[in-house]
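**Student:** Before I ask anything, here is the structure I am working with.
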Amino acid sequence: MPISSYIRDLRSRVGHDLLLVPSVAVIVRDDRGRVLLARSVDLGLWLPPGGAVEPDESPLEAAVRETREETGLVVEPVRVVGAYGGPEHRVVYPNGDVVSYVMTLLEATVVAGVPVPDGEETLEVRYFSRDEIASVPTPPWLGEALRDALDGGAR
């Protein structure tokens, strides 16, 4: 689902102005320790699965829903890695919408499914080693998030 009805309604009132949006990102690893990333339709960046938390939804529920929607995988969150925000979490979308995300980063394990892009939000889905991640376009916050998730740090 590219944009929720809740955000669509807000956008009808505020136009492209800045919205502060709670969100989640999910670190999923395969049995070789590689990290699952999906290439976004909007920005072309490789990101962990994730997105906005909907009204009355917990971050854990959002993590499961967003991962399933974007990758086809059913996951079980195992820990909260940290909470993030700030200038590196501000996004200006191609249509002019401006969003500042406050992100809860979670680690999750796969319960079922095979990684498949949804074609609406994600163009490709694949596992990357840390070295491979350095060779693809990613958002500015991903390095810190991966260090916290993979090196045992937490914020």
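No value in this document is a laboratory result; all are computed from the given coordinates. Since we're looking at a predicted model, the values are computed, not measured. All Cβ positions, even for glycine, are placed from backbone atoms using ideal geometry, and neighbour counts span all protein chains on display.
**Student:** On C-alpha positions alone, give me the angle between the axis of helix 5-14 and the longest principal axis of the chain, in degrees, nearest 10.
**Tutor:** In the chain, helix 5-14 runs at an angle near 40 degrees to the longest axis.
**Student:** Which cross-chain or sequence-distant (5 or more) residues have an amide H under 5 Å from the amide H of GLU124, H modelled 1.01 Å from N in plane?
**Tutor:** ARG39
**Student:** Additional query: Helix 59-71 sits at what angle to the longest principal axis of the chain, using alpha carbons and giving 0 to 90 degrees rounded to 10?
**Tutor:** With rounding to tens, the tilt is 80 degrees.
**Student:** Sort TYR127, TYR84 so the one with the fewest other Cβ atoms within 10 Å of its own Cβ comes first.
**Tutor:** On the way: TYR127 16, TYR84 19.
Lowest count first: TYR127, TYR84.
**Student:** Using the crude model of +1 on Lys and Arg Cβ and -1 on Asp and Glu Cβ, and no other charge, please compute the dipole size for segment 5-150 relative to its Cα centre, in debye to 20.
**Tutor:** For segment 5-150, the charge dipole is close to 280 debye.
**Student:** What is the spread of the Cα atoms of segment 5-150 along each of their three principal axes, largest first, in whole Å?
**Tutor:** Result for segment 5-150: principal-axis Cα extents of 46, 32, 29 Å.
**Student:** Another question, then. Could you work out the relative contact order of the chain, using alpha carbon pairs under 8 angstrom and six or more residues apart, expressed as a whole percent? Numbers along the way, then the final one.
**Tutor:** Details: 314 pairs, mean separation 47.5, N = 155.
Reported as a whole number, the value is 31 percent.
**Student:** To continue, here is another question. Once the dipole of segment 5-150 is set up with Lys and Arg at +1 and Asp and Glu at -1 on Cβ about the Cα centre, which of LEU146, PRO59, GLY72 lies farthest towards its positive end?
**Tutor:** My answer, from the dipole projection, is LEU146.
**Student:** Given a Förster distance of 25 angstrom, what is the FRET efficiency for ASP151 paired with TYR6, based on the Cβ-Cβ distance and rounded to 0.05?
**Tutor:** Details: r = 35 Å, r/R0 = 1.40.
The calculated FRET efficiency here is 0.10.
**Student:** Arrange the following residues from fewest to most other Cβ atoms within 10 Å of their Cβ: THR67, THR104.
**Tutor:** THR104, THR67
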